[in-house]
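What follows is a single structure, written as structure tokens, with notes after it.
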Amino acid sequence: MSLQTVARRYASALADVVIERREEREVQREIDLWASMIADNPQLKEVFANPTVNYDQKKLVLQELLARTQVRETTASFLRVLLGNQRLAELPEIAERFGHVLDERSGIVAAEITTAKPISEELKKAIHDALASATGRTVRLTFATDEAIIGGLVARIGSTIFDGSVDSNLERLAAGLAGH
């Protein structure tokens, strides 16, 4: 089974529980923190991913970390299930998918905006308003910079990309000129 399929199944199951308990964003924050902790600590990821590490040792590590992080019971139970199914090392991927599932179920669309340089708050708001109007949904924006796009912006909403970058326009112009 692919990691994407596994992540989708666990994320959907967790979403069912947290929506019923009305703990969506609290559990999401905790899961995201745990995912970052695992992703940023190669030794920790190795402990949870390595099949030669005894399950009881993994369980002790998990219990110690749960005591230190003091997460809510829903989060702790979910992490224990992942450990029991040998999936805790995959938490970063599961957490990412979990955020998408929660957004989908609450009618939020996530958009990633990439520009050559940081942009003003006014422009961020204008982009937000334009995308909200275009999609008819609540939009959650994240911003990134990439000097390679030269100017303009690239917006990614799910698998759809709106490429208004200067770099992309130059490539299209070059391709058009080469074809003539």
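The values are calculated or read from the model by the stated rules, or taken from the named source; none is laboratory data. Since this is a predicted model, take the numbers as computed values, not measurements. Here the Cβ positions follow ideal geometry from the backbone for every residue, glycine too, while neighbour counts run over all protein chains shown.
Brief remarks on what is shown
- The one condition in (1) assigned by TED's automatic domain parsing to the domain that holds Pro42; (2) assigned to a strand (DSSP E or B) that Ile161 fails to fulfil: (1)
- Ala148 vs. criteria modelled with pLDDT under 90 and in a helix (DSSP H, G or I): yes
- Within segment 51-67, not a single residue is surrounded by 16 or more Cβ atoms within 10 Å (Cβ to Cβ), in contact with an Asp or Glu (Cβ under 8 Å, 6 or more places away or on another chain) and assigned to a helix (DSSP H, G or I).
- Looking at Glu122, Glu104, Glu93, just one residue is in a helix (DSSP H, G or I), loosely packed, with under 13 Cβ neighbours inside 10 Å and of a type in the set (Asp, Glu), and that residue is Glu122.
- Candidate set: segment 1-45, residues that are more than 17 Å from the chain's Cα centre (by Cα), part of a helix (DSSP H, G or I) and free of Cβ contacts under 8 Å to residues at least 40 places away in the same chain; chosen: the one surrounded by the fewest Cβ atoms within 10 Å (Cβ to Cβ): Gln43
- Long-range neighbours under 7 Å by Cβ, at least six apart or interchain, first residue more than 16 Å from Thr5 (Cβ to Cβ) within segment 84-109, second assigned to a strand (DSSP E or B) and among the small types (Gly, Ala, Ser): Asp103/Ala110
- Pick from segment 151-180, criterion among the polar types (S, T, N, Q) and more than 18 Å from Asp103 (Cα to Cα), ranking: modelled with the highest pLDDT: Ser165
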